[in-house]
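Each value in this text was obtained by applying a stated rule to the coordinates, not by laboratory testing. This one's a predicted model, so the numbers in the text were calculated from it and none came from an experiment. Using ideal geometry, Cβ is built from the backbone for each residue, glycine included, and neighbour counts are taken over all protein chains shown.
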């Protein structure tokens, strides 16, 4: 983890900031490649192909200043190296009366693996944001 990583959660509201701790990784090895601290966060996430023809709607599992992790149904053809436009906003379950506006950025799938049990298979997907400047808009999701 780089020393320049933020140590507070930019995605939490001021009231919840003390309650949310970074996700710890038990048994991390020297091969650990994460550069940023991640926080559990449930946001609506739309993955849009760059042609704008396909939209995959899902929800984030956790968020960092460098990327996002989500779990999606299998069968959408997501693969490492694919680039998407991402639209992110506060999930309705978090506060239905205060849904925020969409934050938009681009990202590339850097990891995808099958998770689940027979009949409930899903794909765990890690997406790295193309630009950290775009990530600053994500802090507006708390408003």
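Under a point spin-label approximation (7 Å from Cα along Cα-to-Cβ), what is the residue 42-residue 110 distance to one decimal in nm?
2.6
Sort 59-72, 39-52, 101-114 by packing, meaning the average of other beta carbons within 10 Å per residue, with the highest value first.
Working: 59-72: 20.3, 39-52: 17.1, 101-114: 15.1.
Top to bottom by mean Cβ count within 10 Å: 59-72, 39-52, 101-114.
Distance in nm between label sites at residue 132 and residue 74, each 7 Å beyond Cα in the beta-carbon direction?
Calculated label separation equals 3.7 nm.
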